[in-house]
Amino acid sequence: MIYKKMSARKTLFARALLAASLAGMVAPEAASAQGKFNIPKLPVERYQLKNGLTVLLSRDTSASVVAVDVWYHVGSKNEEVGRTGFAHLFEHVMFQGSEHIPYGQHFKIIENAGGNLNGTTNYDKTNYYETVPSNQLETALWLESDRMGFLLNGLDQTKLDAQRDVVKNERRQRIDNQPYGSMWEIITLNTFPEGSPYAWPVIGSMEDLSAATLDDVKNFFRKYYVPGNATLAIVGDFDADATRALVEKYFGPIAGSDAEIERPVIQPYTMTAERRLVLEDDRSQLPQFVITWPAVGVKHADNAALSAFGRVLTQDRTSRLTKLLTYERQLTTQVWAGLQGLEDAGMFMIYAVPRPGASLTEIERLIDSTLTSFDANPVTAEEVSRFQNYMKVQMVLGLDGAMNKAELLLDGQVFHGDPLHYMKSIQQSLDITPQDVMAAAKKYLTTGRVVLSMVPAGQLDQISKPDQSYQNVTPTPEVQTPAPAGNN
Amino acid sequence: MTYNKRVICGALAMSAALVSPSSSALFAQGGTFDRTIPPTVGEAKPLTFPAIVERQLSNGILVAIMEDRSSPVVRVSTVLEISPEREPADQIGLSSLVRSMLTEGTTVHTADELSDEFARLGNTVSPFGFYTILENVDRSLELMAEQLLTPAFDQGALDRIKSNRIAEIKRAMENPSYLAGRVFANQLYGATHPYSRSETEATISSIDRDDIVSFFNTYYRPPNVKFVVGGAITPDEVVAKLEKFFGSWTPGSPGTVVPPEPVSPDSTVVYLYDRPNSPQSVIMIGSMGPRRDDPDYFAIDLMNRTLGGAFTSRLNLNLREVHQYTYGARTSFNYRNVPELSNFSASASVVASKTDSSLIEFMKEIRGIHGLQPVTEDELQFARNQAVAILPLQFETIIQRANAVASLYSRRLPLDFYNKLVGNYNAVTHEQVLNVARKWIDPDRMVVVIVGDRSQIEAQLRATGVAPVVVVESLEEQGSSSK
């Protein structure tokens, strides 16, 4: 993100939970959790400009706002070794002005117009978006087209250096100054195979951020920020004819590219053995615990069934793992299980927040016995229909803003080639049987996994199964050179 | 790179799946128009906030209803006017434990059975509200009423919730922003003031089931309860349904109490709290602020947008864009319910090695807005444009609108607040903005809290000469400026 939204105070796992809950849309006819259910269909017009830019238009006049959202199909997985964090650093540079928009004006213009804006970078994609009052649609198209077409003539070393330091502070704030803040990057590094582009963190390392050059920015832009690698969604209160003309006016003249885009192919991967890791933090008071299995991405046929298994484990207080760990044995204050699906691969995770004094060894043992118990007591139809009921109603309630709808359509288009992919995806989840869920769990939750114990510094006796061999992956703190006293 | 690559052709990869191609690009590179000139845009559509109707149940419970047929959904919120300050001083956390216990089962259904009921509906129902499709409203209201009126207060559930709460208190201590907030409250309000009270293992442990039952029986009653309903439902329907479930609820003791008004300190002092091995320092600077219904509210809001309430505000551009000390810096007025006072705060996480420089820049911006560099006419116009133009976004969805109505009840503001919003922003004068900055942003009466690695930052902070530096050793302590 280019900046932290003032209200957004979500933890990693709060975000994970959010991502796991399905967005939906408002149907003219109400849904019923138990009756027959028609998946609501969003209106969408899709077309492509001559230069390769894909455009999605979806009209919704329920409020006088319009969302403009541009996805570039490039993320941290496209980075070179030695340049981790670059896709996200580049996202910051995109806010620093372009040939016709001076430095600092992008934010000023959108704020003055009454809009919201931001950008996000993840493993697979980078996007830039604004929601504006509907009369300001053209302003948003003007700004987005200028940085898509004319970024480099506005760029200089000072802008890059400034954003490099801002991003380093973003890393410190999100990761290095948080208790067990490096948990996520430790998990991806050890769950994905060596050299996999999903192994390194989106935010990157301090060394790699320092190494990024102006030439890197130019090359990255020329390679990935071409219209053919972008999709523009416009959702909200607009006139379709006028909007098509505006899109052509602003984006049509941007040169296309015939250059080939190399994309990493990430092969299905399973671990053969268990990897046991320990993270210490001297600012922490209580342990945490997480088990991760390599698993499938969002495009894989097993995605829905494996996601469903997470719900069976921890959806609510009667779900098997939550019931056992939080309510019956009371060893955790919270436990969450689910699939974190990226475009080409994913991870199935079980994350436990222990009570003070609770034994991580005992928590691991109970997680494992719960998983084993499915052999004797398989997933039931009731457990599956439970999450399907929630899915139907939450889908109708969940997607009621222009930007939410834009994101849903773009996700479908960019990762599945179909803006209405959500309909298939939800239908797939509604068609799932208990046998599907069992088969997916059996297939992916195998002995090859990463077991990470996180403990306050020096309290190694608190890790899970301390008698087994493990690797201590505690990171070395950053060395900052303090300014001489009084010299500012 | 060690992984495999596959190659696709950029512009053509997706074209096979696409329909209705656009007209061809006739323009030369960049097009035939001047891209440096911002587009001329039309007038914004006028904002109309749905009408809010206030009705009363037979026992006096007030209900605000916003009928909004933009989609077949309904949002119900319970607004409780029960001050946490009603808790005995040695039982801090009592009111929040009562809230938690209301979700732990009723005399009709155990908590697990309730959970089954929610799964059948497809939406959860809290005693404090729900959001659902039309056909689920009746059953959801019934389950909400059941939890509010007939909680079981199961002893086992209370024991579990108390233990979990104690764990959460310990975990919060790992978070630098939480630590800064605690020190800030102690110094601004005084360590014994109700606003500084925090749950501890001792206060939570001392609460038993009788305390929970007694607090509930005394305060969880009219007139301390109001409802807000927004969505595809008429006021008559709402009143009939609520009357059925809540009409027999009998009145209890008044739930609100107004603590003594804290005053800002006589002089600015820097309070340093040590958090070893912190690569960033959390800075939090502030003072007391006005009531939420202060006539200057709109002028204060516009002034704050200029100082630190927007990305392009002075403070954020200085600390982030010019100096790169932080990922973001902000200011806000943090309001409480009328008639209680708010506080003003300015905060950021800054790179540890620039803690001193950051503090200097913070104080420069605070002194600036106070009078050395007052808000300009242009800045005021920018802030006003932003405040007014963004309203359609803030009220875009039915849940945003329904929650906005609920916040009027909880803050105790008039129900026509949103209808007057644009007029109130437009009425703010430049003179008024200058006055509120002088009045509410006083650089010489600020509490400055810094949570960071003392060994790395203390000497530098002292050398700034911004204000005396006091090291705070404990979260229960109110530091003295005589150190």
Two-decimal Rg to Rh for chain B - Kirkwood Rh, Cα set: 1.02
Antiparallel DSSP beta bridges within the protein assembly as shown, as percent of all bridges there, nearest 5: 75
Percent RCO, i.e. relative contact order, over chain A, from Cα pairs under 8 Å lying at least 6 residues apart: 23
Rounded to 5, the percent of DSSP beta bridges in chain A classed as antiparallel: 75
Cα pair distances exceeding 21 angstrom across region B:365-483, given as percent: 63
Accessible surface of chain A, 1.4 Å probe, proportion on carbon and sulfur as whole %: 50
Loop GluC sites (Glu not before Pro), region A:239-274 (other Cβ atoms within 10 Å of the site Cβ: 14 or fewer; DSSP): A:GLU274
Value at 222 nm in deg cm²/dmol, rounded to 500, when DSSP H runs of n ≥ 4 in the protein assembly as shown each add -39,500 (n - 2.57): -11000 deg cm²/dmol
Taking the C-alpha atoms of region A:303-442, convex hull volume expressed per residue in Å³: 125
Test item: A:109-118 mean partner chain Cβ contacts at 10 Å: 5
Using a Förster distance of 60 Å, the FRET efficiency for B:ASP159-A:GLN480 (Cβ separation, nearest 0.05): 0.85
Amide N of region B:298-328 lying under 20 Å from the label point, which is placed 7 angstrom from the Cα of A:LYS108 along Cα→Cβ: B:302-324
Amide hydrogen neighbours beyond the local backbone of B:ARG291, cut-off 5 Å, H modeled: B:SER342
Peptide A:49-58 - average C-beta neighbours from other chains (10 Å radius): 3
Shielding by partners, peptide A:324-335 (average Cβ within 10 angstrom, other chains): 2
Region B:414-422 - phi-based ³J(HN,Hα) in whole Hz, Karplus 6.51/-1.76/1.60, Gly and Pro as x: x, 6, 9, 3, 6, 5, 9, 4, 4
Distance in nm between pseudo-label sites at B:SER267 and B:ALA240 (7 Å out along the Cβ direction from Cα): 6.9
Percent of beta bridges antiparallel (DSSP, chain B, rounded to nearest 5): 75
Estimated vicinal HN-Hα couplings, Hz - region A:43-53 in sequence order (Karplus 6.51, -1.76, 1.60; Gly, Pro = x): x, 8, 10, 10, 8, 10, 6, 4, 7, x, 5
Modelled label reach - B:ASP116, point 7 Å along Cα→Cβ, region A:294-335 residues with backbone N closer than 19 Å: A:312-324, A:327-328
Mean separation of Cα contacts under 8 Å (6+ apart) over length of chain B, as relative contact order %: 21
Residue range of chain B that is longest and free of GluC sites (Glu not before Pro) which are both DSSP loop and sparsely packed (at most 16 other C-beta within 10 Å): B:82-472
Share of alpha-carbon pairs per 10 Å distance bin for region B:119-247, given as whole %: 10, 28, 27, 25, 11, 0
Sparse-neighbour loop sites [GluC sites (Glu not before Pro); region A:113-222; at most 13 other C-beta within 10 Å; DSSP]: A:GLU194
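The values are calculated or read from the model by the stated rules, or taken from the named source; none is laboratory data. These numbers were taken from a predicted model, which means no experiment stands behind them. Positions of Cβ are backbone-derived with ideal geometry, glycine not excepted, and every protein chain shown enters the neighbour counts. Note: accessible area is taken over every heavy atom of the protein model, side chains too, but ligands, DNA and RNA are not part of it. Shrake-Rupley method; radii C 1.70, N 1.55, O 1.52, S 1.80 Å.
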